[in-house]
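Written out below as structure tokens is the structure these notes cover.
The values are calculated or read from the model by the stated rules, or taken from the named source; none is laboratory data. These numbers were taken from a predicted model, which means no experiment stands behind them. Here the Cβ positions follow ideal geometry from the backbone for every residue, glycine too, while neighbour counts run over all protein chains shown.
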Amino acid sequence: MKFIILSLLCLHLLHSLLEVDCGGHGMRTQYHEQGLDNPHSYKFGYTTGDHYNPQSRHEVSHGPGHVKGSYSFRDPHGKIHVVHYEAHPKYGFRTHHKKGKR
């Protein structure tokens with residue numbers, strides 16, 4: 001029984017990594033996993049792969065109230081912005097923003 005559950009879990013994790021054709025605008029990647037360390041843990045993310053408006057987001061949580069992640073986007077002037085964030089039950093919500101070059 002444990003082998004079947006473990007096999008199904010591995011199969012689910014393999015299928016959670018997807019690459020989807022975006023109609024000539026590049027490739028999009030996404031993933032999602034739950035129950036990593038405990039029933040409340042998860043991680044997910046995506047990348048659009050769009051050459052004109054690339055965006056991405058990644059987030060992980062190891063338990064209730066504690067989340068770390070980042071997202072990125074290209075502004076109208078062509079600069080890539082990356083924002084890292086953390087939500088913590090004791091310290092609240094904090095961000096760190098980096099503006100990149102064209």
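When ASN53 is tested against (1) at pLDDT below 90; (2) surrounded by 12 or more Cβ atoms within 10 Å (Cβ to Cβ), just one condition goes unmet, and that condition is (2). Taking the range 87-102 as the range and being in a loop (DSSP other than H, G, I, E, B) and either of a type in the set (Phe, Trp, Tyr) or on the phi > 0 side of the Ramachandran plot (or both) as the test, only TYR91 passes. Taking strands (runs of 3 or more DSSP E) as the structural unit, those lying wholly within the range 42-86 and holding at least 2 residues that are basic (Lys, Arg) correspond to 66-74. Restricting attention to the range 44-95, report how many residues are polar (S, T, N, Q) and touching a residue at least 24 places away in the same chain (Cβ under 8 Å). Residues in the range 44-95 being polar (S, T, N, Q) and touching a residue at least 24 places away in the same chain (Cβ under 8 Å): 1 in total.
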